[in-house]
Amino acid sequence: MTMDGTEVLTRTVTEDEATILDGWTGALRESASLQGGRIREAELQTQAKAVLGQFRDALVAGGLDADGESYAPLRETLADISRSRAIQGFTPTDTANFVFSLKEPVFEALRLKSGADASAQAAGMWAGGKVIDRLGLQTMEVFLASREEVIGRQGQEIAELSTPVVRLWDGILALPLIGTLDSARTGVVMENLLQAIVDEEAEIAIIDITGVPTVDTLVAQHLLKTVAAARLMGADCIVSGIRPQIAQTMVHLGVELNVVSKATLADAFAVALRRTGRKVVRQQVPTEGRG
Amino acid sequence: MDRIPILKLGGALIVTIQVDMHDRLALALEEDLTAMIARTGARGVLIEISALEIVDSFIGRMLVSIAAVSRVLDAETVVAGMRPAVAITLVELGLELTGIKTALNVERGMSLIQARLAEEEDGHGSDRDHHEG
């Protein structure tokens, strides 16, 4: 009796589905997925049952072609599972093991089924290994794509959070910069600032770089561009918050910032008030020896 | 060929650019403006570009050269109402329009020019005082 591997595998999975499911859930239970407490046993069992059912249907309908039409529902289910795991913070190993741990019970069932027919067993195992590996890889691809999506979204959120434009007074804006300035961020910063200048009809913008850890030639160039663009729109810029070490580094590097710069935001604000014709005065001279 | 109208208001000339600038229009504007400054003896030129959405290096250079020519004829150029996108483009092109005054809108631009006119009047006044004294 010679048997095709696909046939052996399909027959085994169809007839011994219950045994394989038991074996699989057992393996899943022992694996790390459950121990972190991120997923409940019942949920894991439901997922395993659904996946195995669809795996059987796909095998019957489409053989081993894991990229084919008949595997579409199974791929969809696996994609959903791996997406949710990526969001729940599972490790890649956990996620991959969910699919790969199906191998052991399937191979065991194949062994029992084939009995003495070693060639049928080998063919079945080869077929099973191939299709499960393919499914595992697809799962991992979705897992990684979801993780990257999460990282990308976080990056965007950080970029948005870290470039607020604050209105200090009528016509005076402040732009407190925090974190490293790269070209992408400078673009966002520049656009935000210029738009705010239009919206607020600002005369003076204070760029505060207290939170910028390093200023190299590139960052200085970005700053100068922003200042130049603001000037073109008719607003003056003051750079403030250059820390002593950074000032030293800048001078040693030969970076020249040909803009008005002040040591602190308060100094810059005072200059801005003076230029717009305002003055801060103490309302009352504090009297000595009170209280 | 259409030309961009130039309006005279007191000692200043006002140009508002409401159409997309193409190169010939820009050249014609420079010519007209120069002739107009010479004829009227204007001391300030206000170019309002809030409707200008597209600039290239040529238009940027035209603005610089209009300002330079005006300065030779003793008129100060103020560019008012530049859009953020235009400002970013010009900076990326390396055209920072040095020597041109800028203002956020026409109102502020006019007050810059008026301030200059007033200052010069004072200056002439004190000159005369000096001669008399």
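No value in this document is a laboratory result; all are computed from the given coordinates. Note that the coordinates shown come from a computational prediction; the quantities given were computed from them, not determined experimentally. Cβ placement follows ideal geometry from the backbone for every residue including glycine, while neighbour counts extend to all protein chains displayed.
For the protein assembly as shown, what number of Lys pairs, 8 or more residues apart or on separate chains, have alpha-carbon atoms under 22 Å from each other?
10
Can you pull out the GluC sites (Glu not before Pro) in region A:195-291 that DSSP calls coil and that have at most 11 other Cβ atoms within 10 Å?
Working: sites: A:Glu200, A:Glu201, A:Glu203, A:Glu256, A:Glu288; in loops: A:Glu201, A:Glu203, A:Glu256, A:Glu288.
Loop-located and lightly packed - A:Glu256, A:Glu288.
Determine, for A:Val259, A:Val8, A:Val251, the number of other Cβ atoms within 10 Å of each Cβ, and report the residues in order from fewest to most.
Details: A:Val259 17, A:Val8 24, A:Val251 10.
Least to most surrounded, the residues fall as A:Val251, A:Val259, A:Val8.
Pairs of alpha-carbon atoms within less than 8 angstrom and 6+ residues apart define the contacts here; what relative contact order does chain B have, in percent? Can you show the working numbers first?
Numbers: 186 pairs, mean separation 30.4, N = 133.
With pairs under 8 Å counted, the relative contact order is 23 percent.
To the nearest 10 degrees, how steep is helix A:17-30 against the longest Cα principal axis of chain A, on a 0 to 90 scale?
The answer is roughly 40 degrees.
Kirkwood Rh and Cα-based Rg: tell me the resulting Rg over Rh for chain A, rounded to two decimals. It would help to have the intermediate numbers written out before the result.
Details: Rg = 32.5 Å, Rh = 24.4 Å.
Ratio value, two decimals: 1.33.
Where in region A:74-108 are there chymotrypsin sites (Phe, Trp or Tyr not before Pro) that are in a DSSP coil and have at most 14 other Cβ atoms within 10 angstrom of their Cβ?
Passing both the DSSP loop test and the Cβ count: no residue.
May I ask for log10 I(q)/I(0) of region A:181-237 at q = 0.16, 0.21, 0.28 Å⁻¹, from a Debye sum over the Cα atoms as equal point scatterers with solvent left out?
Summing over Cα pairs of region A:181-237 leads to -0.46, -0.77, -1.22.
Per-residue ellipticity at 222 nm for chain A, helices alone: DSSP H runs ≥ 4 residues times -39500 (n - 2.57), over residue total, nearest 500 deg cm²/dmol? All intermediate terms of the calculation are to be shown ahead of the outcome.
Values: 12 runs with 188 residues, N = 291.
Taken over chain A, the calculation gives -21500 deg cm²/dmol.
Give me Rg/Rg_expected for region A:134-291, where Rg uses Cα atoms only and Rg_expected = 2.2 N^0.38 Å with N residues. Provide the component values of the computation, followed by the final result.
Working: Rg = 20.7 Å, N = 158, 2.2 N^0.38 = 15.1 Å.
That ratio works out to 1.37.
Binning at 10 Å from 0, report for region A:5-157 what percent of all alpha-carbon pair distances ends up in each bin.
Using 10 Å bins, I get a P(r) of 11, 40, 32, 12, 3, 1, 0 for region A:5-157.
How would you rank A:Trp24, A:Trp126, going from fewest to most other Cβ atoms within 10 Å of each one's own Cβ? Kindly include the intermediate steps, with their values, before the conclusion.
Values: A:Trp24 23, A:Trp126 15.
The most exposed by this proxy come first: A:Trp126, A:Trp24.
Counting DSSP beta bridges with both partners in the protein assembly as shown, what percentage is antiparallel, nearest 5? Mind showing how you got there, number by number?
On the way: 7 of 34 bridges.
Within the protein assembly as shown, antiparallel bridges account for around 20 percent of the total.
If you fit an axis through the alpha-carbon atoms of helix A:103-114 and take the longest principal axis of the Cα set of chain A, what angle between them do you get, 0 to 90°, nearest 10?
10 degrees
Compute the angle between helix A:72-88 and the longest alpha-carbon principal axis of chain A, please, reported from 0 to 90 degrees and rounded to the nearest 10.
The angle comes out at about 40 degrees.
Rounding to the nearest 20 debye, state how big the charge dipole of region B:1-54 is about its Cα centre with +1 on each Lys and Arg Cβ and -1 on each Asp and Glu Cβ.
On the way: 5 positive and 8 negative charges, 75 e Å.
Using only the charged Cβ atoms, the result is roughly 360 debye.
Any number yet on Rg/Rh for region B:6-132, C-alpha, Kirkwood? Spell out each step's value before the answer.
Numbers: Rg = 15.3 Å, Rh = 15.1 Å.
Answer for region B:6-132: 1.01.
Using the Cα centre as the reference, give the magnitude of the dipole from point charges on the C-beta atoms of region A:125-228 (Lys, Arg: +1; Asp, Glu: -1; all else neutral), rounded to the nearest 20 debye. Don't skip to the end; give the middle numbers.
Numbers: 7 positive and 15 negative charges, 125 e Å.
So the dipole magnitude of region A:125-228 works out to roughly 600 debye.
Given N residues in region A:8-80, what is Rg(Cα) / (2.2 N^0.38 Å)? Before the final figure, lay out the partial values.
Details: Rg = 13.2 Å, N = 73, 2.2 N^0.38 = 11.2 Å.
So the Cα radius of gyration is 1.17 times the expected 2.2 N^0.38 Å.
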